[in-house]
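See below for the structure under consideration.
The values are calculated or read from the model by the stated rules, or taken from the named source; none is laboratory data. Just so it is clear, the model here is predicted, and its values are computed rather than measured. Glycine gets a Cβ as well: all are built from the backbone with ideal geometry, and neighbour counts include every protein chain shown.
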Amino acid sequence: MIDMKLTAASYHNLTSYERMKMGDHSLDWTNRPNVFKSYPKASKISLPGIREFDEVKKPLFPLFEPVVHSESKDFKMTVDDLAKILVLTQTITAKSQGGATEFFFRSAASAGALYPTEIYAVSAGIAELKDGIYHYSISDHSLEIIREGRFLSIEPGEACRAVFIFTAIFFRSSWKYRDRAYRYNLMDTGHVIENQLLALKAMGLSHKLSYDFDDKQVNRLLGLDENLEAALAFIDIPGKDLQLIAPALKTINPLAPSFKEASLVARIQKQYEMIAQIHSSAEQIRNPSVEIRMMDHTGLNLKAIKGTPWINERIPAAGYPEAVFLRRSKRDFADEPVDHSTIAGLIASLRAENTPCICTGLLIGSANGCSPGFYLVDQTSGKPFMASDGYFNEKMADICLHQLWLAKASLHFIILSNLALLDEAFGARGYRYALMSAGRMGQRIYLAATSLGLGCCGIGAFYDHEAARLLGLDDDTRLLYLLAAGKIRK
């Protein structure tokens, strides 16, 4: 394998789709990756079945509001709490049959229903659960023991602590999407992360999300083969830095080979060089000296909208966690306009914290009370700005690999990033920040649309340069993710 360093911009451009250079790629269905990871030689702990969610039932949209959390020393957690968090983060919601193949659908979206993301829990002081490191087996709602012992520091007066580590098995996505798959590894992990953040808010648990840690140290802790699977992010409860893991971690013994082999999910598991290169290029952590507001760096001439055109009125909506369990990718759009109040509700979902590496907008096609056009939304205030007027959705549908059903969706939400700015501010690791943030935002849009009775479908495949030209972006800014939303045919 050639050891070549890639930047966010170079990887994204090298994996861009071009209309006349797509080539043929047939899928080997006999080698389809297993979407359920298991450790055959690990001991298992069955988690309590969770069927009642009364204590977390609440309106969905207030959970989208940014929240500043502070550490709580009197925080306590039981194994029931842990089980509930995991079910709300990622659970199986449906099953279908395609020939001899079974497809399982989950509460978090995934490109191609390939689900590259795995969840590990590190426990310290959790009632009815030994301290240690566990893999969450979603197929049977159990914990598989990776290591026993205390790996998290607990300060005097603290009762317990928990860390959830999110990884991606690269081949699950690259089986279908090849070198471009790293995009989906990251975005799909962002979908899962957002589900967990909403769960922790609903449960009133202080927490901290971070994408920064010593990659090799954490992968070694989990016993991963870094060529096959790697850690991407963590969430700490009650909200600390992962560096507080005990110093003994640096000299921890490697696990048996069977633990690394658990990341083998297909008969033939090809490793794509470009994915390995961009991931290893992003090991260095760089903290920018200035705060970034990505919507100011797209090359767009944004115009303030006079008055208050989109008022977020109270409209009937499914609550939390119902919307999580009902979420599906739906594309049977009705080609009917949505109301301005519905658009306002969807925009309310975009006010996410810790997402400086992206900006979000929408293409309005057919709507009552709103002019068609391309708008960007300030993710802090929720205020929309017009970038261009006119109809974009039909052209964008063609750019999305000629998926013309997209033109019938009233709204196309678009998530953008200036890749040169990412590289300058964060180095190649900024690509992880941006794509996982895009996934987080995408999951919010999915849930908001579900709550409002709309269909939603995420699209990560498009002719990249054509999309940038259609939107009038500068040379460094690219579309990362598109989500169509609108009324569904009955």
The number of residues in region 381-416 that are closer than 20 Å to GLY299 by Cα and among the β-branched types (Val, Ile, Thr) is 2
Could you identify the single residue in MET203, MET187 that is under 17 Å from ARG432 (Cα atoms) and not assigned by TED's automatic domain parsing to the domain that holds TYR433?
-> MET187
What number goes with the only condition from (1) surrounded by 14 or more Cβ atoms within 10 Å (Cβ to Cβ); (2) modelled with pLDDT under 90 that ALA282 does not pass?
-> (2)
Among the candidates THR380, THR355, THR360, single out the residue that is assigned by TED's automatic domain parsing to the domain that holds LEU435, modelled with pLDDT under 95 and either in contact with a Leu (Cβ under 6 Å, 6 or more places away or on another chain) or crowded, with 17+ Cβ neighbours inside 10 Å (or both).
-> THR355
Within region 204-235, the residues that are at pLDDT below 95, within 20 Å of TYR136 (Cβ to Cβ) and assigned to a loop (DSSP other than H, G, I, E, B) are LEU205, HIS207, PHE213
Within region 203-239, which residues are touching a Gly at 6+ places or on another chain (Cβ under 9 Å) and among the charged types (D, E, K, R)?
-> LYS208
Would region 289-296 turn up any residue that is without any contact (Cβ under 8 Å) to a residue 12 or more places away in the chain, surrounded by fewer than 20 Cβ atoms within 10 Å (Cβ to Cβ) and not in a loop (DSSP other than H, G, I, E, B)?
-> yes
Conditions (1) within 29 Å of SER289 (Cα to Cα); (2) surrounded by fewer than 24 Cβ atoms within 10 Å (Cβ to Cβ); (3) in contact with a Leu (Cβ under 8 Å, 6 or more places away or on another chain); number of the one not met by ARG429 | (3)
When you go through (1) exposed (fewer than 12 other Cβ atoms within 10 Å of the Cβ); (2) assigned by TED's automatic domain parsing to the domain that holds TYR134; (3) of a type outside the set (Gly, Ala, Ser) one by one for MET22, which number turns out not to apply?
-> (2)
If you go through LYS58, LYS84, LYS76, the only one that is of a type in the set (Lys, Arg) and over 30 Å from ALA348 (Cα atoms) is LYS76
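For every residue, the table says whether it meets (1) of a type in the set (A, V, I, L, M); (2) more than 25 Å from SER210 (Cβ to Cβ).
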{"site": "PRO257", "(1), (2)": "no, yes"}
{"site": "SER263", "(1), (2)": "no, no"}
{"site": "ARG267", "(1), (2)": "no, yes"}
{"site": "GLN271", "(1), (2)": "no, yes"}
{"site": "ILE278", "(1), (2)": "yes, no"}
{"site": "ALA282", "(1), (2)": "yes, no"}
{"site": "VAL290", "(1), (2)": "yes, no"}
{"site": "LEU302", "(1), (2)": "yes, yes"}
{"site": "ILE305", "(1), (2)": "yes, yes"}
For region 311-328, indicate whether the set of residues that are within 30 Å of LYS95 (Cα to Cα) and among the β-branched types (Val, Ile, Thr) is non-empty.
-> yes
Neighbours by Cβ (under 7 Å, 6+ apart or cross-chain): first from region 327-348, farther than 22 Å from LEU63 by Cβ; second of a type in the set (Phe, Trp, Tyr) = ARG331/TRP405; PHE333/TRP405; HIS340/TRP310
Residues being of a type in the set (Ser, Thr, Tyr) and either touching a His at 6+ places or on another chain (Cβ under 7 Å) or farther than 29 Å from LEU221 by Cα (or both): count how many of those fall in region 81-109.
-> 3
Any idea which of (1) in contact with a strand residue (DSSP E or B) (Cβ under 9 Å, 6 or more places away or on another chain); (2) in contact (Cβ under 8 Å) with a residue 12 or more places away in the chain is the one ALA397 doesn't satisfy?
-> (2)
Pairs where the first residue, in region 2-28, is over 13 Å from TYR177 (Cα atoms) and the second is among the charged types (D, E, K, R) and assigned to a loop (DSSP other than H, G, I, E, B), C-beta under 9 Å, 6+ apart = ALA9/ASP476
Could you look through region 176-223, keep only residues that are among the basic types (Lys, Arg) and crowded, with 23+ Cβ neighbours inside 10 Å, and pick out the one that is nearest to PRO321 (Cα to Cα)?
-> ARG183
Per-region count, region 249-288, residues without any contact (Cβ under 8 Å) to a residue 60 or more places away in the chain, part of a helix (DSSP H, G or I) and over 25 Å from the mean Cα position of the chain (by Cα) = 4
Under the condition of being among the hydroxyl-bearing types (Ser, Thr, Tyr) and in a loop (DSSP other than H, G, I, E, B), which residue from region 316-349 is surrounded by the fewest Cβ atoms within 10 Å (Cβ to Cβ)?
-> SER329
Evaluate region 152-163: report whether one residue or more is surrounded by fewer than 17 Cβ atoms within 10 Å (Cβ to Cβ), at pLDDT 95 or above and of a type in the set (S, T, N, Q).
-> no
